[in-house]
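What follows is a set of notes on a single structure, which appears directly below.
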Amino acid sequence: MKNTSGFATKQIHIGKIDIPGIAPLATPIFQTSTFEFETTAQGANRFALEEPGYIYTRLGNPNTTKIGQKLAALENAEAGMAMASGMGAVTTVLWTALKAGDHLLADDALYGCTFSYFTHGLTRYGVDVTLVDFSDLEQVEKAIRPNTKVFYFESPTNPNLKLIDIEAVSKLAHERCPEAKVIVDNTFATPYIQKPIDLGADVVIHSATKYLNGHGDVIAGMAAGKADFIQECTLFGLKDMTGAVLGPFEAYLIDRGLKTLDIRVQKHCDNAMKVAKFLESHPAVARVIYPGLESHPRHELAKRQMKNGFGGIITFELNTTRERSAEFVNSLELCTIAVSLGDAETLIEHPATMTHSTYTPEALEEAGIGESMLRLSVGLEDSEDIINDLRTQLDRI
Ligand SMILES: Cc1ncc(COP(=O)(O)O)c(C=O)c1O
């Protein structure tokens, strides 16, 4: 029996598929839509879940099963699953957890399309949605209703890097609503830095497009939690409600990306800390938000909740006009203007007009997402080169 207790060992070895007689080191890509049954009885038994085995790739495929097991091991969850995008994961999990008449209580700073799905999507189907600031427990407590079934938040939040106390929110939620699920989008932190399930959350969601894959060449989503809930998400949320199935090749790429998750995220964190300190020291920068800086309002929580580092994302505002700020972004040479994050390349974007353009100006203000904020996803290049690119253009302001 292999010893797979360490994080790095898990990210490499968990879920290995043995193929006797061939024994490939890397998992082959099971590029098949369906699986053969030996007899009609075997097919019927598999559909009835009375016999294990694959049926049809929308219901399961060895490549997606493998990465689901891997994420579960990394998040200290019982089970995990993969979906065709981060939004596929959010919608699959919430279509499973909620029904008409239920109440969803969520933080007000969310990835733009999650915000849109909650406020324009779920509300059309009879789900009550309330957004409050989850960094203020009193606001959360006041917003709880008898029908609250899901507490949902990101930490750090996209794009303004607000930190939410996962342990405190989970405790409050479970005390007040024993049946409710606490669902945490752990995309920004990754399980290398933060494990929400250990802190009391029920379900973890990822845009695996980001750090889990890490190479900017896949759109994917994942979720992990209790085995019975993940099975319900697979056999109802994914199979019947969203159909957001991840292809075997994309699952293979995620599996490959996961093998280096810890060393990649550690370098993102190390680079981001250096870049954040540089930005904070530059007179053209009005404000830097990074959980690793002492100036972050919840730096103490960051130290407690985020292990191994503070992530690779920095949000900042310049001491200049919106137009000049746009010129600054346009003139960067190494930092690339693009949405997404967690890739090897350093990416910069303007949330108010890009990833968070689904928010109204009022909702942006309420969520503390400044119109002039810039979001930097610090990549894996040499930190000096990233800093020099930023410095050259900042000095011109
Ligand atoms: C925090 C967070 N959650 C979910 C998503 C959605 O993921 P995807 O783009 O893979 O659908 C994103 C995308 O940027 C995100 O940043």
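Can you pull out every residue in the stretch 26-48 that is of a type in the set (A, V, I, L, M, F, W, C) and either in contact (Cβ under 8 Å) with a residue 24 or more places away in the chain or crowded, with 16+ Cβ neighbours inside 10 Å (or both)?
The answer is A26, I29, F30, F35, F37.
Just checking, does the stretch 205-215 include any residue being assigned to a strand (DSSP E or B), in contact with a helix residue (DSSP H, G or I) (Cβ under 6 Å, 6 or more places away or on another chain) and buried (at least 21 other Cβ atoms within 10 Å of the Cβ)?
Within the stretch 205-215, one or more residues are assigned to a strand (DSSP E or B), in contact with a helix residue (DSSP H, G or I) (Cβ under 6 Å, 6 or more places away or on another chain) and buried (at least 21 other Cβ atoms within 10 Å of the Cβ).
Could you please find all residues in the stretch 91-106 being more than 11 Å from the ligand (Cβ to nearest atom) and either closer than 15 Å to T123 by Cβ or outside any helix (DSSP H, G or I) (or both)?
L94, W95, L98, K99, A100, G101, D102, H103, L104, L105, A106
Could you go through the stretch 159-171 and let me know if any residue there is assigned to a helix (DSSP H, G or I), away from the ligand (no atom under 16 Å from the Cβ) and in contact (Cβ under 8 Å) with a residue 40 or more places away in the chain.
Scanning the stretch 159-171 turns up at least one residue that is assigned to a helix (DSSP H, G or I), away from the ligand (no atom under 16 Å from the Cβ) and in contact (Cβ under 8 Å) with a residue 40 or more places away in the chain.
Quick check on N63: is it assigned to a helix (DSSP H, G or I), touching a helix residue (DSSP H, G or I) at 6+ places or on another chain (Cβ under 7 Å) and farther than 21 Å from V182 by Cβ?
The answer is yes for N63.
Being within 15 Å of the ligand (Cβ to nearest atom), among the aliphatic types (A, V, I, L, M), in a helix (DSSP H, G or I) and in contact (Cβ under 8 Å) with a residue 24 or more places away in the chain: is that true of L122 here?
Judged against the criteria, L122 is not a match.
Return the residue satisfying two criteria in turn: it lies in the stretch 216-240 and is in a strand (DSSP E or B) and more than 27 Å from E175 (Cβ to Cβ), and of such residues it is farthest from the ligand (Cβ to nearest atom).
Here the answer is M222.
I'm trying to understand the selection: among the residues of the stretch 67-90, which are within 11 Å of the ligand (Cβ to nearest atom), surrounded by fewer than 24 Cβ atoms within 10 Å (Cβ to Cβ) and of a type outside the set (A, V, I, L, M)?
S85
Is there a residue being closer than 21 Å to C233 by Cβ and in the same structural domain as D202 (by TED's automatic domain parsing) anywhere in the stretch 127-143?
yes
Can we say T130 is assigned to a strand (DSSP E or B), of a type in the set (V, I, T), under 27 Å from T353 (Cα atoms) and out of contact with any Asp or Glu (no Cβ under 7 Å at 6 or more places or on another chain)?
Here the answer is yes, as T130 does meet what is asked.
Any residue that is over 27 Å from the mean Cα position of the chain (by Cα) and within 20 Å of D228 (Cβ to Cβ) - is there at least one of those in the stretch 24-38?
No; the residues of the stretch 24-38 include none that is over 27 Å from the mean Cα position of the chain (by Cα) and within 20 Å of D228 (Cβ to Cβ).
State yes or no: is Q11 free of Cβ contacts under 8 Å to residues at least 60 places away in the same chain and either of a type outside the set (G, A, S) or in a helix (DSSP H, G or I) (or both)?
Criteria not met by Q11.
So which residues in the stretch 311-334 are closer than 25 Å to H299 by Cβ and more than 15 Å from the ligand (Cβ to nearest atom), if there are any at all?
F316, E317, L318, N319
The values are calculated or read from the model by the stated rules, or taken from the named source; none is laboratory data. Just so it is clear, the model here is predicted, and its values are computed rather than measured. Neighbour counts run over all protein chains shown; Cβ positions are idealised from the backbone, glycine included.
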